[in-house]
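A.B. asks: One structure is given below, represented as structure tokens, and several questions about it will come after.
The values are calculated or read from the model by the stated rules, or taken from the named source; none is laboratory data. It should be emphasised that the depicted structure is a prediction, and the values quoted were computed from it without experimental measurement. Every residue, glycine as well, gets a Cβ built from its backbone with ideal geometry; the counts of neighbours run over all protein chains shown. All accessible areas refer to the heavy atoms of the entire protein, side chains included, with ligands and DNA or RNA removed. Shrake-Rupley method; radii C 1.70, N 1.55, O 1.52, S 1.80 Å.
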Amino acid sequence: MSAAMDTESTYSGYSHYSGHSKKAHRQGRDRHKSPRSKDGSRSEKSVTIQTPPAEPLLGNDASRAEEGQDDNWGETTTAITGTSEHSISQEDIARISKDLEDSVGLDCKRYLTLTVAAVLGLLVFLTPIAFILLPQILWRDDLEPCGTVCEGLFISVAFKLLILLIGTWALFFRQPKADIPRVFVFRALLLVLIFLFVFSYWLFYGVRILDSKDTNYHGIVQYAVSLVDALLFIHYLAIVLLELRQLQPMFTVKVVRSTDGESRYYSMGHLSIQRAALVVLENYYRDFTVYNPALLTASKSRAAKHMAGLKVYNVDGPGNNASGQSRAMIAAAARRRDSSHNELYYEEADHERRVKKRRARLVVAVEEAFTHIKRLQAEEQQKAPGEMMDPREAAQAIFPSMARALQKYLRTTRQQQYHSMESILQHLSFCITNNMTPKAFLERYLSPGPTLQYDRDRWFSKQWTLISEEAVTSGLQDGIVFVLKCLDFSLVVNVKKIPFIKLSEEFIDPKSHKFVLRLQSETSV
């Protein structure tokens, strides 16, 4: 509410300059609208109130306002950005409570896995040191002298443990990017392998060295060195399984967004289905344009208008059978469907015309605003250093001159729910600070950008559901299809194996390209 009040106060300086004659003319025009438009608006309003859980919650008001406005709507109205209406039902409440329960379970599983890995890692690093120190503590007087070679092994153990510590930190101690539904098979396999390996070394150490109190201290130190060497080889195996194995491309996946059909292709190596889903989501936020549900409501409103325009009159009286009415409805719908393509064509052409017109107005307004900024900067340079204007203040000074043109363009292209006034001011101050051109400022608004470009609260979905007929821990195979589903849409992923390419060689003799040009000495005159 405070953001809307601030926006109204910002626009109040230039949104109330028109006379009362235009307002009266507009009210008179609204009173003479056809009943069909009223029916259409009532149907869309009911859809807005009774929003199902799978339908998008944004953009309904934008599409409804777009249908009843003309090119001069901004002269007598105040534009407010960043506002939206949300409805919630009992199904939404149940879904939110289920998401909270799932998040608590995922947090417990993640912390348990981290605790087990940390305890096992601490045991691994302390085991070689314990092998060397326990004989010195328990039967120090009975040990044989270590010697120069034995003391040199201490340095070897120390540096190998340091290398192992750095490699383990680089490979395993990373900030988790996501919570996967199942355990990572190779990581769990490595943890089990390390546990069995350390346990077998402790078992041999307890039976052959601790029980017998072996006095050959040089052999005990070599035993600890062999343990560190084996741990280094296991770390190399972890690098191969976790990092190198997936680098070679083996599959091509096609990702299709279910609502608008936008698709991308990616190459992947040997990955499980759940890890391939993580790669798809990472690339989705970077490569796909932001999901705009307002663009999908045009076809729905057009269909509602067609159905609202059909009326059946019973000329035979109330006792006639209803089958005649149904046949009349079907025939009328067929005739209207034959002419609907013309309506669609002219509607799209009119929309493109309005977009080009408002885009031109926006470009001119932004260029004039940036020109004004350059004049202000030239004036500020002549003042004292303490009186320089802050970039935020400069952005607030020139924003009213371009706000109306920008607002009208965003409403025409149905992007207003992704750009609040605060975000526009921040972007404008950023461009002023870095001395960017008007074209660089408009790049964000003239065409929809990737999902990561916009405010996190407006696009980020915390919960994705992986739907697959195969086990999510199994590897990718040719022909596998799985779905990543969120609240408003889903991503359908189709996996295809890269075909085997047989490349043959054909030898061309260099002498085959040589030829002799013989010229006749005599020519005809």
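A.B. asks: Pick from segment 439-490 the residues that are open to solvent by less than 50 Å² (accessible area, probe 1.4 Å), in contact with a helix residue (DSSP H, G or I) (Cβ under 6 Å, 6 or more places away or on another chain) and β-branched (Val, Ile, Thr): which of them is modelled with the highest pLDDT?
C.D. replies: Taking the candidates together, the pick is VAL472.
A.B. asks: Scan segment 402-444 for residues that are more than 22 Å from HIS372 (Cβ to Cβ) and part of a helix (DSSP H, G or I) and report the count.
C.D. replies: The total comes to 5.
A.B. asks: Only residues that are of a type outside the set (S, T, N, Q), closer than 30 Å to LEU296 by Cβ and open to solvent by 40 Å² or more (accessible area, probe 1.4 Å): list them for segment 212-255, please. Spell out the reasoning first.
C.D. replies: Within segment 212-255, the first condition is being of a type outside the set (S, T, N, Q), and the residues that meet it are 213-214, 217-221, 223-225, 227-245, 247, 249-251, 253-255.
If we keep only those that are closer than 30 Å to LEU296 by Cβ too, we end up with 253-255.
Across segment 212-255, the qualifying residue is only LYS254.
A.B. asks: Moving on to the next point. Name the residues in segment 117-144 that are more than 18 Å from LEU210 (Cα to Cα) and open to solvent by 80 Å² or more (accessible area, probe 1.4 Å), would you?
C.D. replies: Initially, segment 117-144 is screened for residues more than 18 Å from LEU210 (Cα to Cα), giving 117-125.
Matches in segment 117-144: VAL119, LEU122.
Condition check ((1) touching a Pro at 6+ places or on another chain (Cβ under 6 Å); (2) without any contact (Cβ under 8 Å) to a residue 12 or more places away in the chain; (3) charged (D, E, K, R)) across all residues:
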{"site": "ILE373", "(1), (2), (3)": "no, no, no"}
{"site": "ALA395", "(1), (2), (3)": "no, no, no"}
{"site": "ARG414", "(1), (2), (3)": "no, no, yes"}
{"site": "LEU425", "(1), (2), (3)": "no, no, no"}
{"site": "THR433", "(1), (2), (3)": "yes, no, no"}
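A.B. asks: Kindly list the number of the only condition in (1) modelled with pLDDT of 60 or more; (2) surrounded by 13 or more Cβ atoms within 10 Å (Cβ to Cβ); (3) assigned to a helix (DSSP H, G or I) that fails for ARG286.
C.D. replies: Just one mismatch for ARG286, condition (2).
A.B. asks: In the list LEU193, LEU203, LEU210, which residue meets the criterion of being of a type in the set (A, V, I, L, M), modelled with pLDDT under 90 and more than 30 Å from THR465 (Cβ to Cβ)?
C.D. replies: Going through LEU193, LEU203, LEU210 in turn, the sole match is LEU210.
A.B. asks: Return yes or no: is ALA395 assigned to a helix (DSSP H, G or I), open to solvent by less than 10 Å² (accessible area, probe 1.4 Å) and either in contact with a helix residue (DSSP H, G or I) (Cβ under 6 Å, 6 or more places away or on another chain) or under 20 Å from HIS351 (Cβ atoms) (or both)?
C.D. replies: Working: assigned to a helix (DSSP H, G or I): yes; open to solvent by less than 10 Å² (accessible area, probe 1.4 Å): yes; either in contact with a helix residue (DSSP H, G or I) (Cβ under 6 Å, 6 or more places away or on another chain) or under 20 Å from HIS351 (Cβ atoms) (or both): yes.
It is true that ALA395 is assigned to a helix (DSSP H, G or I), open to solvent by less than 10 Å² (accessible area, probe 1.4 Å) and either in contact with a helix residue (DSSP H, G or I) (Cβ under 6 Å, 6 or more places away or on another chain) or under 20 Å from HIS351 (Cβ atoms) (or both).
A.B. asks: Can I ask one more? From (1) at pLDDT below 90; (2) open to solvent by less than 50 Å² (accessible area, probe 1.4 Å); (3) not aromatic (Phe, Trp, Tyr), pick out the condition that doesn't hold for VAL183.
C.D. replies: Failing condition for VAL183: (2).
For (1) under 21 Å from SER468 (Cα atoms); (2) without any contact (Cβ under 8 Å) to a residue 24 or more places away in the chain; (3) in a loop (DSSP other than H, G, I, E, B), each residue gets a yes or a no:
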{"residue": "VAL253", "(1), (2), (3)": "yes, no, no"}
{"residue": "ASP260", "(1), (2), (3)": "no, no, yes"}
{"residue": "SER267", "(1), (2), (3)": "yes, no, no"}
{"residue": "HIS270", "(1), (2), (3)": "yes, no, yes"}
{"residue": "ALA276", "(1), (2), (3)": "yes, no, no"}
